[in-house]
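Data block below; observations after.
The values are calculated or read from the model by the stated rules, or taken from the named source; none is laboratory data. Everything numeric in this text was worked out from a predicted model, so none of it was measured. Here the Cβ positions follow ideal geometry from the backbone for every residue, glycine too, while neighbour counts run over all protein chains shown.
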């Protein structure tokens, strides 16, 4: 997300609570949300006034964002992962010893799951989610091309 988008979202949050905050507080909030997807944070911020009576802390904002981060994938992608794990094992998939589109999907899913379980750092989660989405888009695109 761009800095002006982060400020827009923080301003939206302040408006919902009719709250003025110090510049240092604005900076602190923006540091945490800058690395994240704009639409994801916007959805979280729009929901916060419905669930929180008082202006939310950074941790409450981040918790609302984390609730909206896809925790994996679609049902079919989960099945593909389970199939690959059963056939080859997670270590072989992680190390790239298995090739093909299913293996790429499985590797992207494993990386996303590992990251989500290992950290709550928003910049790391944001980068991991972006990589995951790019990998799946690439795989889906090549699959569509094969079907043409």
Contacts under 9 angstrom Cβ, first residue in segment 1-27 being in the same structural domain as residue 127 (by TED's automatic domain parsing) and over 18 Å from residue 40 (Cβ atoms), partner at pLDDT below 90 and loosely packed, with under 11 Cβ neighbours inside 10 Å, 6 or more apart: none
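Yes or no, residue by residue, for (1) loosely packed, with under 15 Cβ neighbours inside 10 Å; (2) in contact with a strand residue (DSSP E or B) (Cβ under 8 Å, 6 or more places away or on another chain); (3) modelled with pLDDT under 85:
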site	(1), (2), (3)
49	no, no, no
54	yes, no, no
70	yes, no, yes
75	yes, no, yes
95	yes, no, yes
105	no, no, yes
112	no, no, yes
